[in-house]
1. Among the residues of segment 274-322, which ones are more than 17 Å from residue 255 (Cβ to Cβ), modelled with pLDDT of 65 or more and in a loop (DSSP other than H, G, I, E, B)?
2. I need the full set of residues from segment 70-81 which are buried (at least 16 other Cβ atoms within 10 Å of the Cβ) and at pLDDT below 95, in order please.
3. Report, ordered by the first and then the second residue, all pairs with beta carbons closer than 7 Å, sequence separation of six or more or different chains, a first member in segment 192-213 that is touching a residue at least 12 places away in the same chain (Cβ under 8 Å), and a second member that is exposed (fewer than 14 other Cβ atoms within 10 Å of the Cβ) and in a loop (DSSP other than H, G, I, E, B).
4. Give the number of residues within segment 138-158 that are over 21 Å from the mean Cα position of the chain (by Cα), touching a residue at least 40 places away in the same chain (Cβ under 8 Å) and farther than 18 Å from residue 207 by Cα.
5. Can you find a residue that is within 21 Å of residue 151 (Cα to Cα) and not in a strand (DSSP E or B) anywhere in segment 223-243?
6. Only one of (1) free of Cβ contacts under 8 Å to residues at least 60 places away in the same chain; (2) within 18 Å of the chain's Cα centre (by Cα); (3) in a loop (DSSP other than H, G, I, E, B) is not met by residue 247, so which one is it?
7. Output the number of residues of segment 207-229 satisfying the condition of being under 18 Å from the mean Cα position of the chain (by Cα) and more than 20 Å from residue 245 (Cβ to Cβ).
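The values are calculated or read from the model by the stated rules, or taken from the named source; none is laboratory data. In this text, all values refer to a predicted model and were calculated from it rather than measured experimentally. Please note: Cβ atoms are built from the backbone with ideal geometry, for glycine as well, and neighbour counts cover all protein chains shown.
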């Protein structure tokens, strides 16, 4: 399950970058992209290219040892003059992670699964004067502030064993240089129908689930705090409706739905919806603008597989009729036709 989510997440990020306006896509924030795997159809299948830069994409890091972990096995490749290290021949389905240590600062990629196309990853270390890793959040006094839900966050929906599962893969972003205190926890109130709410492996230990509520306690250190939530959403008929109120501003709405049986997706917050295919799996990718804190995401997924309810309703109605007749006969026995005495 974790591998599947990682692959889906990478595709959502790639689709979001493709959909950005030229002015925004031309000036990405390197730190926001650091460690995010981007499937690239132009690269040969089985190829993973990692580029190591310092602060910005203009500052390549040459001679850095990039550690590739492929299905648990390590490989090390040194970056060239363009800051690139590359491995080839990776089979589809391989579990991969890349990491580098520069001037004592370790930067890692997300764990992901190789698909049917090549993948690029940027690893961004601190710029000049910031070579050392930042101090831990609890080593610096927290200040009152705010966080956002970063633009790489996404909502993923997938049918599995006739159940609709939803995943929130979230980056809680503190854009300041010091830890922030929100004055209380960051609380995600999931739809009240949510069942089996779970905080997935890879999330911050500050996140806990209790029923349909996930609470993330502060303080929040500089940069990203990962929160990954999973739950089942029961539905009736062939339509599921999601209404999720966000406790912090969502900088960009990214939605991915695994396509089965011709599903359709609609939401007033989606500015574009398109069908794509990854690893022979049809997917629906939706992208929308920011959602302010306290505002809901309203989402409808139609065409879900379901069993007709009329046989159950007919059986229930018949059973209710039988019970009613029995109760009537017990309360009003005099309404029965009297039995005539037999003649001798």
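1. 279, 280, 292, 293, 294, 305
2. 70
3. Here the result reads 193/234; 195/234; 197/211; 212/192, each pair linking segment 192-213 to a residue that is exposed (fewer than 14 other Cβ atoms within 10 Å of the Cβ) and in a loop (DSSP other than H, G, I, E, B).
4. The number of residues fulfilling the criteria is 1.
5. No, there is no match, as no residue in segment 223-243 is within 21 Å of residue 151 (Cα to Cα) and not in a strand (DSSP E or B).
6. Unmet condition: (1).
7. 2
Rundown of residues vs (1) crowded, with 20+ Cβ neighbours inside 10 Å; (2) in contact with a helix residue (DSSP H, G or I) (Cβ under 8 Å, 6 or more places away or on another chain); (3) closer than 20 Å to residue 165 by Cβ, yes/no style:
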residue: 252; (1), (2), (3): no, yes, no
residue: 256; (1), (2), (3): yes, yes, yes
residue: 266; (1), (2), (3): no, no, yes
residue: 275; (1), (2), (3): no, no, no
residue: 284; (1), (2), (3): no, no, yes
residue: 289; (1), (2), (3): no, no, no
